[in-house]
Amino acid sequence: MNFTKKMFQENATLEDEVHVAGDSESWHIFMIVFQVILALGITFGNTLVIASFWKFEPLRIVSNIFLVNLAVADLLVGILAIPIRIAFVNLPMVRQDMQMFLQELKESLQMSPFCFLWQIASVLLLLASLFTLAAIAIERFVAVRMPFRYIELCTTKRCVLVCAFIWALSIVMSVLCLAFVKEQLGNTCRMADLTSPTYFKCILAPCIGFVFLVSWVLNMCTFYTARKAVKCSINILRDNKASEWQMLSTYKVTVTAFLVLITFSLCWIPSVFFTAVGIPKKYGVFQDVVILLLFANSSMNPIIYGLRLPLFRRAFAKILKRENGSIAISNYSSENT
């Protein structure tokens, strides 16, 4: 009996400490500093990806259109989503005058528009990234499973139209949350305090789940097919360097796309899960960590491209060194070192 009571008291003390840590001024200062560093890294890395695509013609291929679209979504996380969260979630916990200003604004408007702006931006960028990953999965599937129809099906015009459709659909679905505003708003910027559960359970969750599942199935099938083709053909094509390079290059891009999906999944699944089940307010520190994780995902793709794709790596080097000239495609041996 005494042991149980003691354990209960210890757990209660731990919960209080976590709650206090999540609301303390020092914790929010740490969050601000960390998010500023993340925002700078995200902006730098994804700007580098977009600039490389724009500047170097060898990178302006169909498969890279979707990578650049993903970089645009990640860039907006750095210049839009993170600053909004710092300004209207973290800073008010550090500066009392800003907290009073936001409270007055909320009372005068009978709602917190910046909380909805943060929610719309978060959902918009999540959906844009997820739909783009699905488009990448489809493009890779066609490239590997239907190589002779790839040029016919995956044209530049079609890929650009798909990207435009992705952003239009993401905007519509993110703004749709305003149709499910709660009559009685909560005191935080969490989705659970702003929007009816119907929006997540009946609209957002099924859409995310379906697209996520399709992306994984297509990537698994593509990866398996590409790997099998490389193993079966490596000896046959050894005397044909051009065909060997083409097959291994396709396989490398496919693996890279799969790695991007894996990192996206690892970073976003905790956020989607906790949004669905809800995190008690006393565990606000864990909510902050989950948000940092999904922000961090936006900084990872440029690193993956630099490590996995030699053309991007060369382009990054030329831009950073301010060198002129092109990045000509060389033979396979140098291209994959």
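One table, with the values for the structure above:
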read-out	value
If the convex hull is drawn through the Cα atoms of segment 111-165, its volume per residue in Å³	60
Chymotrypsin sites (Phe, Trp or Tyr not before Pro) within segment 38-92: DSSP coil, no more than 10 neighbouring Cβ in 10 Å	none
In segment 118-164, the trypsin sites (Lys or Arg not before Pro) that fall in loop regions by DSSP, at most 15 other Cβ within 10 Å	none
Compactness of segment 285-327, expressed as Rg and Dmax over alpha-carbon positions, Å	15.2, 49
Residues in segment 251-270 that a label on Arg227 would reach, taking backbone N under 17 Å of a point 7 Å out along Cα→Cβ	251-263
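Where a number appears in this text, it was derived from the coordinates with a stated rule and is not lab data. What you see is a predicted model; the values in this text were computed from it and never measured. Positions of Cβ are generated from backbone atoms using ideal geometry, with glycine treated the same way; all protein chains shown enter the neighbour counts.
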